[in-house]
1. Give me the pairs: first residue in the range 261-290 and of a type in the set (S, T, N, Q), second residue modelled with pLDDT of 95 or more and in a helix (DSSP H, G or I), beta-carbon distance under 7 Å, and six or more apart or on different chains, which are they?
2. Please enumerate the residues belonging to the range 247-280 that are among the hydrophobic types (A, V, I, L, M, F, W, C), out of contact with any Lys or Arg (no Cβ under 8 Å at 6 or more places or on another chain), surrounded by 17 or more Cβ atoms within 10 Å (Cβ to Cβ) and more than 19 Å from G220 (Cα to Cα).
3. So which residues in the range 291-330 are buried (at least 22 other Cβ atoms within 10 Å of the Cβ) and under 21 Å from R257 (Cα atoms), if there are any at all?
4. So, in the range 105-141, of the ones that are of a type in the set (A, V, I, L, M) and over 24 Å from T41 (Cβ atoms), which residue ends up surrounded by the most Cβ atoms within 10 Å (Cβ to Cβ)?
5. Which of the residues belonging to the range 142-177 are of a type in the set (G, A, S) and either touching a His at 6+ places or on another chain (Cβ under 7 Å) or buried (at least 16 other Cβ atoms within 10 Å of the Cβ) (or both)?
6. Tell me yes or no: at least one residue of the range 191-208 is within 20 Å of the chain's Cα centre (by Cα), within 30 Å of L331 (Cα to Cα) and of a type in the set (A, V, I, L, M).
7. So which residues in the range 335-354 are among the hydrophobic types (A, V, I, L, M, F, W, C), over 11 Å from L261 (Cβ atoms) and surrounded by 14 or more Cβ atoms within 10 Å (Cβ to Cβ)?
8. List pairs: first residue in the range 107-128 and touching a residue at least 12 places away in the same chain (Cβ under 8 Å) and farther than 20 Å from T10 by Cα, second residue among the hydroxyl-bearing types (S, T, Y) and surrounded by fewer than 19 Cβ atoms within 10 Å (Cβ to Cβ) anywhere in the structure, Cβ distance under 6 angstrom, at least six positions apart or on different chains.
Amino acid sequence: MAKTTTSFFTKSIIESSGNKAGLIGTIYYQLGSRIIPANETTPESVDIQSHLSDMLNNNIRYAVIEASSHALSQHRLDGVHFRSAVFTNLSAEHLDYHENIKNYREEKIKLMRGLDENASAVLNADHTSSKYFAKSTVAQIVWYGIKDTSAHVRAEIINMGVNGTRFLLISPWGKEVIHLKLTGNHNVYNALAAATTGFCLGFDMEIIRKGLESLNNVPGRLEKLDYGQDFHVLIDYAHTHDALQVVLETLRGIAARRIILVFGCGGDRDKGKRAKMGHIAEKYSDLFWITNDNPRSEDPLNIIREIQRGIKRDSCYKVQLDRKVAIEEALLEAKKGDVVVIAGKGHERCQILKDKSIPFDDCEVVKQVLSGTMVSQN
């Protein structure tokens with residue numbers, strides 16, 4: 001599950017009610033008609049207050065904010081009073097900063113501890129950490145989930161395919177069949193988190209349904225690209241072993257033919273995930289390319305060698321340092337009905353090297369290859 005997708009669903013629900021909603025998150029900050037590319041998920045405290053002020057000046061009454069663990073650790077959100085806060089999940093991420101999962105959890109929980117008794121704490125009933133979060137807040141707790149039938153808001157999945165998901169939304173406010181344009185159990189959880197938040201804000205089922213169904217895509221989150229090809233192409237930000245497993249498990253259950261994957265690992269970040277990502281790629285995809293991500297100060301070849309430690313079979317993958325070429329080779333390999341997943345960078349528009357950043361956009365590379373405008377470097 002992802003804060004980014006949940007925030008996009010929440011914003012869509014608010015706007016379906018006829019209200020304006022601002023957004024501060026990983027992809028961009030949207031302040032009415034003004035969109036600012038995001039350098040970090042949650043900006044510095046002075047910038048947050050400036051953005052909130054701009055929203056008010058544009059008659060925007062709702063602000064949807066992705067609260068990163070870094071921001072909570074560094075007190076960037078001190079003084080911001082939330083009407084509702086959502087906990088989606090907890091996995092081994094940002095451990096290069098937090099050192100261990102316990103420290104990571106303690107930073108995330110600060111958001112719930114900051115809520116007052118009139119606010120809502122929206123918690124995932126299917127996640128084991130939620131009980132700890134529930135004990136740490138005085139807010140009104142509202143549970144959502146798929147497995148836990150005691151959750152206030154839950155889903156019964158009807159069917160799922162690469163092009164979308166249909167599920168029954170069950171809540172104290174009624175039942176409704178929802179047709180999501182996004183796929184995967186994780187996106188049903190994201191939709192449930194947003195729907196629960198919407199109910200807590202006082203919106204009715206029809207507004208919730210309209211808001212969830214109106215969201216076509218989230219940039220870089222299983223984003224579908226269609227240029228008339230007879231196979232599927234999905235761009236996803238999955239850059240941890242947990243996130244990559246969620247994406248590939250989802251697709252493994254619904255893909256008609258092969259899953260072809262392109263991915264790498266970022267440099268100067270958690271090295272413990274690299275072999276795990278290699279193992280997951282081998283387990284869930286039929287063929288994959290290991291390539292460059294954002295190597296930063298590290299030698300890209302060393303990063304790839306660490307990924308390879310988790311792989312047992314040489315025949316299931318190829319190594320191509322040039323990310324453009326790796327994407328091109330994967331797309332040219334794809335046949336009718338295959339699913340090509342390009343993971344790791346998602347919405348990012350640059351590649352971070354040792355001494356510079358260069359323009360790089362996975363979506364643009366796909367467009368160039370499939371429209372025949374890219375000159376191969378093979």
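The values are calculated or read from the model by the stated rules, or taken from the named source; none is laboratory data. This is a predicted model, so every value here is computed, not measured. Cβ sites come from the backbone with ideal geometry, for glycine too, and all protein chains shown count toward neighbours.
1. Here the result reads S285/L248, each pair linking the range 261-290 to a residue that is modelled with pLDDT of 95 or more and in a helix (DSSP H, G or I).
2. A255, I280
3. If the condition is that a residue be buried (at least 22 other Cβ atoms within 10 Å of the Cβ) and under 21 Å from R257 (Cα atoms), then A326, I327, E328, A330 are the ones that fit.
4. If we take residues in the range 105-141 being of a type in the set (A, V, I, L, M) and over 24 Å from T41 (Cβ atoms), then A125 is surrounded by the most Cβ atoms within 10 Å (Cβ to Cβ).
5. G145, A151, A155, G164, S171
6. So far as the range 191-208 goes, no, none of its residues is within 20 Å of the chain's Cα centre (by Cα), within 30 Å of L331 (Cα to Cα) and of a type in the set (A, V, I, L, M).
7. I352, L353
8. E107/S73; I109/S136; R113/S136
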